[in-house]
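Colleague: Quick one: the structure is below, questions incoming.
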Amino acid sequence: MKFYITTPIYYVNDTPHIGHAYTSVAADVLARWRRLNGHEVFYLTGTDEHGAKIAQAAAKAGQSPKEFCDYISGEYKKAWEKLQITNDDFIRTTDTAHESAVKYFLQKLHDSGNLYLKKYEGMYCVPCEKFLATQDLNEDLCCPDHKQKPVTRSEENYFFKLSAYRDKLIERILDDAHPDHMEICPPERKSEIIGKLKAAPLEDISISRATIEWGIPLPFDKAQTAYVWIDALLNYITALGYENNSEVFKKFWPADVHLMAKDILWFHSVIWPAMLIASGIPLPKKVFAHGFFTIDGQKMSKTLGNIIRPDELINSFGPDAARYLILSLFPFGVDGDISRAGLTERYNSDLANNLGNLANRTLDMIEKFSGKVIPQGAVLPGSVSEGILSNLSSSEQLLENLEFSRFTASLQTAIDTANRYIQNTAPWKMAKENNPELPSVLYNLAANLKIITAYILPFMPMTSQKIWEQLGETESVESTAKKFFGSAPRDKSFILPHPGAVTQKTGILFPRIK
Ligand code: MSP
């Protein structure tokens, strides 16, 4: 089975912050999860590099737009590498192949009568890169997001007949049985979009700019460049080789999930699908909008100086914990607030005290009471180990539904249960009393840890591999877990301990942070 997942392509007007990391890590957990299940995954991310906003940021930095884009795009690549993001491709909208495919697409749209030229005057917000209607402004007549007065702009632009697609959009969103059905998630967002679509006719949108040089020239009118959003949305098909109808395009399109925050859902669930319908291209199967998060109750912004960069998280907690923490703090679909203190608290409770402690104690017990050798044993029906495995298996649906924080809560429940098992069986007492059940209990201790280790892999790949090795495994956790998750019915021997394997404790996984 194929699985094509995308994040938005991020603007290069600034280096990445944890808002961007949030989407990229979520997509990565899902991509890793699907790969473990034997799916052929294509995970796309990249950078959005055209438009006035970028040209202005470049000028401010005293660089040419291209130099500036190269630098910031490189920063994104570095950040994703540090966060262990396993994207299969990284598209830049300044890539020659993308530029050529955008022209090809727009030419077709023009040829099929979907575009027309119109003089337009309106209030334009430069940071938003869009014209605003009066009702979009706040009481000071400023853009509510940028607190700036929009400028009056008049130009002759090409317009896309968006209005013609309203009924088709509503039908494809609402009708589950439509062959070209597009799901919008979570359901509250779907209702919002449908409500907006039904409330008023759609207005056609301008897809070109006469005044912006830093963009892709229209093939049929070199005096205009493509509107940055149209250029950007096309990345999802150009990256696959849409222009040449490549094998990759045929295999992976339509996308299985477009992931983003709610700020850009309208573009993805209305404008983008309308462009696709107009061009006879199937719609993405699912568009998922997650919430926006604030820092200490405030929107992240340069002016407030409260931006958290991925590096800061990685330096404080390490790359694995950083991934785990941002997804575990609040439910994925809703807005949430993050604080440095909250992150530290969660790190200490979930990772240092719970998971770290479990690994430490399990390995300690096997070291002390079995000379580092995993004894013979079995996971019997009705045992604690079997319970942990069955609970984690039933939590898999949460990952499929992108309910990351509920999944990490299930992980914590499993870890709690495993820690309690150590407390309740008290191997130190059993050793004193020469209890013959001790080897079997130690085996189950190792089993609990190993099962949990397989399930933390999509979130914390390095930690998972480390614990795996500590349990004396020589094959990588990734390749073994693939055999487990990919087997039908599941063959649990792949994630149970190997009697005779020699454990090796190496340092503390998650040192406590004060
Ligand atoms: N370039 C456009 C997207 C084009 S996609 C065809 C863009 N870029 S962006 O750099 O502004 O990134 C927006 C995305 O970053 C959001 O949709 C979301 O995925 C992520 N986030 C940015 N700030 C965020 C928060 N504070 N909270 C959650 N997600 C955040 O829009």
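The values are calculated or read from the model by the stated rules, or taken from the named source; none is laboratory data. Since we're looking at a predicted model, the values are computed, not measured. In this analysis, Cβ positions are derived from the backbone assuming ideal geometry, glycine residues included, and neighbour counts consider all displayed protein chains. Just so you know, the surface numbers come from the protein's heavy atoms only, side chains and all, with ligands and any DNA or RNA stripped out. Shrake-Rupley method; radii C 1.70, N 1.55, O 1.52, S 1.80 Å.
Colleague: Compute the Cα gyration tensor for segment 154-312, then decide on rounded, prolate or oblate, letting a ≥ b ≥ c be the square roots of its eigenvalues: rounded whenever a/c is under 1.5, prolate when a/b is larger than b/c in the other cases, and oblate in all that remain.
Modeller: Judged from the Cα gyration tensor, segment 154-312 comes out rounded (a/c under 1.5).
Colleague: Residue by residue through segment 399-404, which ³J(HN,Hα) values in whole Hz follow from phi under the Karplus form 6.51 cos²θ - 1.76 cosθ + 1.60 (θ = phi - 60°), with glycine and proline marked x?
Modeller: 5, 4, 8, 6, 8, 4
Colleague: Sticking with this structure for a sec: With an 8 Å Cα cut-off and a minimum separation of 6 or more residues, compute the relative contact order for segment 1-56 in percent.
Modeller: That works out to 56 percent.
Colleague: With every protein chain left in place, what is the accessible area of Val102 in Å² (1.4 Å probe, nearest 10)?
Modeller: Rounded to the nearest 10, the figure is 0 Å².
Colleague: Between rounded, prolate and oblate, where does segment 434-514 land on the alpha carbon gyration tensor, with a ≥ b ≥ c its root eigenvalues, rounded for a/c under 1.5, else prolate if a/b exceeds b/c?
Modeller: oblate
Colleague: Give Lys450/Lys492; Lys82/Lys299; Lys77/Lys286; Lys372/Lys429 a once-over and call out the pairs whose C-alpha atoms are over 22 Å from each other.
Modeller: Table pairs above 22 Å Cα-Cα are Lys82/Lys299; Lys77/Lys286.
Colleague: Tell me which residues come under 5 Å, amide H to amide H, from Asp337 once H is placed; ignore anything under 5 positions away on its chain.
Modeller: Here the answer is Thr294, since their amide H atoms fall under 5 Å of that of Asp337.
Colleague: For segment 1-62, with all protein chains present and a 1.4 Å probe, just round the carbon and sulfur fraction of the accessible area to a whole percent.
Modeller: After summing per-atom areas, the C and S share lands at 53 percent.
Colleague: While we're on this one: By accessible area of protein heavy atoms, probe 1.4 Å, what ranking do Glu121, Glu188 get, highest first?
Modeller: Glu121, Glu188
Colleague: Over segment 421-514, with every protein chain in place, what whole percent of the accessible area is carbon and sulfur at 1.4 Å, could you tell me?
Modeller: Carbon plus sulfur share of accessible area: 55 percent.
Colleague: If you count, for each residue, the other Cβ atoms within 10 Å and average over each peptide, how do 54-66, 190-202, 365-377 line up from highest to lowest?
Modeller: 365-377, 54-66, 190-202
Colleague: List the relative contact order of the chain as a percent without decimals, with contacts defined as Cα pairs under 8 Å and 6+ residues apart.
Modeller: Rounded, it is 15 percent for the chain.
Colleague: Please list the non-local residues whose amide H lies under 5 Å from the amide H of Tyr124, H modeled 1.01 Å from N, same-chain partners needing a gap of 5 or more.
Modeller: For Tyr124, whose amide H was placed from the backbone, the distant partners under 5 Å are Leu132, Val151, Thr152, Arg153.
Colleague: With an 8 Å Cα cut-off and a minimum separation of 6 or more residues, compute the relative contact order for segment 188-253 in percent.
Modeller: Normalised by residue count, the contact order of segment 188-253 is 19 percent.
Colleague: Karplus couplings for segment 468-480 from phi (6.51 cos²θ - 1.76 cosθ + 1.60, θ = phi - 60°), rounded to Hz, Gly and Pro as x?
Modeller: Result, ordered by residue: 4, 5, 4, 7, x, 7, 9, 7, 5, 4, 5, 6, 6 Hz.
Colleague: Before rounding to the nearest 500, sum -39500 (n - 2.57) across all DSSP H runs of length at least 4 in the chain and divide by the residue total; then give [θ] at 222 nm in deg cm²/dmol.
Modeller: For the chain, the value works out to -13500 deg cm²/dmol.
Colleague: Next question, about the same structure. Please work out the average accessible area per residue across the chain, using the 1.4 Å probe convention, and give it in Å².
Modeller: 42 Å²
Colleague: Sequence neighbours fewer than 8 away in the same chain don't count; with that in mind, list the aspartates and glutamates whose C-alpha is under 15 Å from Lys483.
Modeller: By straight Cα distance, Lys483 reaches Glu40, Glu473, Glu475, Asp491.
Colleague: Given a 1.4 angstrom probe, I'd like the percentage of the accessible area of segment 246-312 that is carbon and sulfur, rounded to a whole number.
Modeller: 56 percent
Colleague: Further question: Which are the unpartnered cysteines of the chain, meaning those with no other cysteine Cβ under 4.7 Å from their Cβ?
Modeller: Unpaired cysteines in the chain: Cys69, Cys142, Cys185.
Colleague: For the Cα atoms of the chain, what angle does the longest principal axis make with the long axis of helix 319-328, in degrees from 0 to 90, nearest 10?
Modeller: Computed tilt is about 70 degrees.
Colleague: Show me 153-162, 426-435 ranked by packing, highest mean number of other Cβ atoms within 10 Å first.
Modeller: Top to bottom by mean Cβ count within 10 Å: 153-162, 426-435.
Colleague: Which of rounded, prolate, oblate describes segment 330-424, given a ≥ b ≥ c as roots of the alpha-carbon gyration tensor eigenvalues and a/c under 1.5 marking rounded, otherwise prolate only if a/b is larger than b/c?
Modeller: oblate
Colleague: Here's something else I'd like to know. Of Cys125, Thr474, Phe369, which is farthest towards the positive pole of the chain's charge dipole, taken about the Cα centre with +1 and -1 on the beta-carbons of Lys, Arg and Asp, Glu respectively?
Modeller: Final value for the positive-end residue is Phe369.
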